[in-house]
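For reference, the structure discussed in these notes is given below.
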Amino acid sequence: MNTDQPILPPAMLGILGGGQLGRMFTIAAKTMGYRVTVLDPDPSAPAAEFSDRHLCAAFDDQAALNELAQCAAVTTEFENVNADAMRFLAKHTTVSPSGDCVAIAQNRIQEKSWIRKAGLQTAPYQAIRREEDITEASAQYLPGILKTATLGYDGKGQIRVKTLEELRAAFADQGKVDCVLEKMVDLRGEISVVVCRLNHENVCTFDPAENIHENGILAYSIVPARLSADVQQQAQEMARRLADELDYVGVLAVEIFVVGDTHELIINEIAPRPHNSGHHTIDACAASQFHQQVRIMCKLPPANTRLLASCCMANILGDVWGENGSEPNWLPLMNNTRAHLHLYGKKSARIGRKMGHFTVLGADADAAFEAAKQLHASLTDKYAR
């Protein structure tokens, strides 16, 4: 179901998923005057704290979907939602992104096929669906990384392999589910571009973020990326091209590898939603990625994406809480007038769990990054325990 009529406040908007992305979406929607219904099976879902209504049910619960279908428009905070549920909702209300786009992003094999269909490069790869797919020809993709086609994130579902024997063992370890074998490239860095697209005439991008990972999890995003203007412009053009090929409606994050001395760009993967690397937009841009998500699902053109200040976003994981659950040392961070803290309201901290983030504004990207590293280190200062 779709019309061209804009959806205005105080309409009720719906979101599938009530985690931190749903929470930040809900806050943005509420500040714009909309009401929000969140569907999430977790009674303590972070987004529920700010929503008008929390449907505490499974994502494929038909009764809950029937209620969500009464919203003026519906979106999602994560790609592993049931795509068929989104297709059902689309019969009754406006849904963005489409269930078809979400389904593509859920499967690395389909995803890479669409990227290449758009005329864009990926790392050389082979789809492996059964043992017989592993042949002598597979050696051309070694050394490589075997990734499950579905459900992998934050480094999960990925095994590095150097030989055919290791590849066969890794495929068995993955449970012989559909996988993608990606040839390792001369990786010099990763950047991401968040695209905001209503239609071909109304599309814009945020400045590329330079991403630094630790233990497979995003640790810092530096904006602007410390790359030439030409490379950054090329990355934005690639992201827009892919969004156009998908006829995407919504906020789309495109992760891009920077390869070799020439800084060649190849697309790694996409996320059909706001992205961790785009959290800086809340504090450092004219409009945040979450305001863009609200605007586009309400059939309004995306707002200005201008970067107001160089910055660095730092993730806060459960690792920095004390063994007895004691709070990190927030004082240096809170005393810094250029730092902005965002906590997600999660009830319990654990290793590797994203509990919040902060963004530091700086005179330039390097200064912001150095300040973010120092502030992050201060979170575990012993005297605060």
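Things worth noting here:
- Residue among Ile15, Ile7 that is of a type in the set (Val, Ile, Thr), in a loop (DSSP other than H, G, I, E, B) and either open to solvent by less than 50 Å² (accessible area, probe 1.4 Å) or without any contact (Cβ under 8 Å) to a residue 60 or more places away in the chain (or both): Ile7
- Counted residues, the stretch 145-159 - those being in a loop (DSSP other than H, G, I, E, B) and either modelled with pLDDT of 65 or more or crowded, with 16+ Cβ neighbours inside 10 Å (or both): 5
- Pick from the stretch 198-207, criterion open to solvent by 10 Å² or more (accessible area, probe 1.4 Å) and either in a loop (DSSP other than H, G, I, E, B) or among the basic types (Lys, Arg) (or both), ranking: farthest from Pro302 (Cα to Cα): Asp207
- Some residue of the stretch 302-313 being over 28 Å from Lys373 (Cβ atoms), modelled with pLDDT of 95 or more, among the hydrophobic types (A, V, I, L, M, F, W, C) and not in a helix (DSSP H, G or I): yes
- Residues of the stretch 26-54 classified as buried (at least 24 other Cβ atoms within 10 Å of the Cβ) and within 22 Å of Phe88 (Cα to Cα), total: 4
- When Gly352, Gly318 are screened for being on the phi > 0 side of the Ramachandran plot, of a type in the set (Gly, Ala, Ser) and surrounded by fewer than 18 Cβ atoms within 10 Å (Cβ to Cβ), only Gly352 passes.
- Within the stretch 24-68, being among the acidic types (Asp, Glu) and under 23 Å from the mean Cα position of the chain (by Cα) holds for Asp40, Asp42, Glu49, Asp60.
- Scanning the stretch 220-233 for residues that are open to solvent by 10 Å² or more (accessible area, probe 1.4 Å) and outside any loop (DSSP other than H, G, I, E, B) yields Tyr220, Ala229, Asp230, Val231, Gln232, Gln233.
- For the residues Ala64, Ala73, the requirement of being touching a helix residue (DSSP H, G or I) at 6+ places or on another chain (Cβ under 6 Å), surrounded by 20 or more Cβ atoms within 10 Å (Cβ to Cβ) and either of a type outside the set (Phe, Trp, Tyr) or touching a residue at least 40 places away in the same chain (Cβ under 8 Å) (or both) singles out Ala73.
- For the stretch 192-224, a residue qualifies if it is under 19 Å from Asp364 (Cα atoms), touching a Leu at 6+ places or on another chain (Cβ under 7 Å) and either aliphatic (A, V, I, L, M) or free of Cβ contacts under 8 Å to residues at least 12 places away in the same chain (or both), and exactly one does: Val223.
To keep it simple, each residue is scored yes or no on (1) in a helix (DSSP H, G or I); (2) more than 22 Å from Met238 (Cβ to Cβ); (3) touching a Ser or Thr at 6+ places or on another chain (Cβ under 9 Å).
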position	(1), (2), (3)
Cys101	yes, no, no
Ile104	yes, no, yes
Ser113	yes, no, no
Arg116	yes, no, yes
Gln121	no, no, no
Ala137	yes, yes, no
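- Among residues of the stretch 158-183 that are among the aromatic types (Phe, Trp, Tyr), those with a Cβ under 7 angstrom from a residue that is surrounded by fewer than 12 Cβ atoms within 10 Å (Cβ to Cβ) and not in a loop (DSSP other than H, G, I, E, B), sequence gap 6+ or separate chain, pair up as Phe171/Glu131.
- Candidates Glu210, Glu190, Glu182, Glu214 - the one that is among the acidic types (Asp, Glu) and open to solvent by 60 Å² or more (accessible area, probe 1.4 Å): Glu214
- Tabulated pairs, the stretch 82-97, first in a loop (DSSP other than H, G, I, E, B), second of a type outside the set (A, V, I, L, M, F, W, C), C-beta under 7 angstrom, 6+ apart or interchain: Asn82/Asp60; Ser96/Thr75; Ser96/Gly250; Pro97/Tyr248; Pro97/Gly250; Pro97/Pro272
- Any chance Ala64 is assigned to a helix (DSSP H, G or I) and touching a His at 6+ places or on another chain (Cβ under 7 Å): no
- Restricting attention to the stretch 348-370, the residues being in a strand (DSSP E or B) and under 21 Å from Thr337 (Cα atoms) number 7.
- Residues in the stretch 17-53 that are farther than 18 Å from Lys346 by Cα and of a type in the set (A, V, I, L, M, F, W, C): Ala28, Ala29, Met32, Val36.
The values are calculated or read from the model by the stated rules, or taken from the named source; none is laboratory data. All of these numbers come straight from a predicted model, not from anything done at the bench. Here Cβ is always computed from backbone atoms with ideal geometry, including for glycine, and neighbour counts include all displayed protein chains. To get the accessible areas, we keep the full protein, side chains included, count just its heavy atoms, and leave off ligands, DNA and RNA. Shrake-Rupley method; radii C 1.70, N 1.55, O 1.52, S 1.80 Å.
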